1. Looking only at segment 109-143, which residues are among the basic types (Lys, Arg) and surrounded by fewer than 23 Cβ atoms within 10 Å (Cβ to Cβ)?
2. Which condition breaks for residue 150 when tested against (1) of a type in the set (Phe, Trp, Tyr); (2) in a strand (DSSP E or B); (3) touching a residue at least 60 places away in the same chain (Cβ under 8 Å)?
3. Of all residues in segment 104-126, which are under 24 Å from residue 182 (Cα atoms) and either in contact with a Lys or Arg (Cβ under 7 Å, 6 or more places away or on another chain) or assigned to a loop (DSSP other than H, G, I, E, B) (or both)?
4. Just name the residue that is farthest from residue 153 (Cα to Cα) out of those in segment 215-248 that are charged (D, E, K, R) and out of contact with any Lys or Arg (no Cβ under 8 Å at 6 or more places or on another chain).
5. With the condition kept exactly as written, say whether any residue in segment 28-40 is part of a helix (DSSP H, G or I), surrounded by 10 or more Cβ atoms within 10 Å (Cβ to Cβ), assigned by TED's automatic domain parsing to the domain that holds residue 164 and modelled with pLDDT of 75 or more.
6. How about segment 111-146: which of its residues are of a type in the set (D, E, K, R) and closer than 15 Å to residue 165 by Cβ?
7. Within the bounds of segment 52-67, is there any residue that is within 30 Å of residue 279 (Cβ to Cβ), assigned to a helix (DSSP H, G or I), assigned by TED's automatic domain parsing to the domain that holds residue 280 and modelled with pLDDT under 75?
8. State all residues of segment 238-252 that are surrounded by fewer than 19 Cβ atoms within 10 Å (Cβ to Cβ) and in contact (Cβ under 8 Å) with a residue 40 or more places away in the chain; if no residue qualifies, say none.
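The values are calculated or read from the model by the stated rules, or taken from the named source; none is laboratory data. In this text, all values refer to a predicted model and were calculated from it rather than measured experimentally. Cβ placement follows ideal geometry from the backbone for every residue including glycine, while neighbour counts extend to all protein chains displayed.
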Amino acid sequence: MMSDSFAMGLWIGLSALNLVLLATMLFFLLRSSRKTARRLKRARLMRRKIRDQLVKVRADMQEYDEALGRRFDRSIWPQFESLMSLYRLLDGKIDFPPTRRWAVSPDFLRHVAEHIRRHAPKTIVECGSGTSTVVMAHLLNALGQAGHIYAIENHAPTIDAVRVQLRRHDLERFVTLVVAPLVERQYPGFDTVFHWYDLGADAVPAAVDLLIVDGPYSMVNEYARYPAGPEFLPKLSRDGHVFVDDTEREEELQMLRLWRKLYPDLGIRQLHAEKGCAELFFLDRKIEDYLPREWREPADKPAGVPASS
């Protein structure tokens with residue numbers, strides 16, 4: 001009887017001990033599983049952060065790559081190469097005025113210089129005088145061409161600086177400086193006024209072989225140079241060309257679109273340049289053929305412009 005009670009007690013004790021051990025194991029398993037769950041959660045969060053970081057790094061690398069490309073395109077090297085091309089074209093015998101900041105860039109000048117070298121335009125009209133005026137005069141002199149530049153400018157200090165450079169290099173015979181203050185003008189299709197050059201009837205010849213549009217500076221209307229179209233495109237000779245600076249700006253691009261609406265046969269070619277450069281030319285017919293009869297006015301009057309809508 002005693003042995004049965006002892007065996008029963010031993011069995012109960014061992015069972016209780018097993019239950020305690022089982023409970024302890026379950027406790028540690030539960031605790032471990034919670035830790036594992038927290039670790040998995042942290043791992044998932046870490047993986048998500050790493051993935052987001054990778055996406056950001058890829059985006060930053062792509063942006064940096066694009067910025068690097070833009071920086072290279074806008075760096076000094078393309079300008080240096082263009083400047084060297086100009087020096088070679090002029091036999092390295094001249095010293096250039098400044099070609100940075102507000103002045104025209106060397107790459108734009110190179111396009112203009114190559115056109116002058118190949119086509120020898122007789123009458124060159126320039127909206128906005130400065131470095132380009134002096135360089136073109138040097139070019140005409142170096143190439144022995146009979147062209148003449150009509151440089152239109154409203155800024156008195158610029159006119160004085162250009163005149164000094166021309167006199168210094170004995171180039172005055174190649175340039176007529178047209179001093180023209182800005183006056184308010186209105187054109188069909190625009191509600192705002194333009195500040196455009198106050199030109200006399202004989203300030204510019206009736207036939208223009210090359211037109212350079214790099215002025216005036218915008219004061220009121222964002223399309224400040226738009227009047228160059230209705231004022232000078234009707235005077236462009238059959239084989240004449242136009243070079244427009246700063247065509248990387250949206251205002252200049254929209255201006256070209258408006259000119260294209262006015263003159264459907266206007267060919268436009270974008271050339272690589274720091275600030276943007278567009279070359280314009282007429283393909284077949286004379287420009288007067290595209291003007292409605294009521295707009296065909298004498299050469300000493302400004303040509304009209306249709307609405308841009």
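1. 117, 118, 122
2. Answer for residue 150: the failing condition is (3).
3. Once the filter is applied, which keeps residues that are under 24 Å from residue 182 (Cα atoms) and either in contact with a Lys or Arg (Cβ under 7 Å, 6 or more places away or on another chain) or assigned to a loop (DSSP other than H, G, I, E, B) (or both), segment 104-126 yields only 104.
4. Going residue by residue through segment 215-248, those that are charged (D, E, K, R) are 222, 225, 231, 235, 238-239, 245-246, 248.
With the extra rule that they be out of contact with any Lys or Arg (no Cβ under 8 Å at 6 or more places or on another chain), the set shrinks to 222, 225, 231, 235, 239.
Values: 222: 19, 225: 13, 231: 15, 235: 19, 239: 25 Å.
In this case the residue turns out to be 239.
5. Scanning segment 28-40 turns up no residue that is part of a helix (DSSP H, G or I), surrounded by 10 or more Cβ atoms within 10 Å (Cβ to Cβ), assigned by TED's automatic domain parsing to the domain that holds residue 164 and modelled with pLDDT of 75 or more.
6. Passing the criteria: only 126.
7. no
8. Answer for segment 238-252, where residues must be surrounded by fewer than 19 Cβ atoms within 10 Å (Cβ to Cβ) and in contact (Cβ under 8 Å) with a residue 40 or more places away in the chain: 238, 239.
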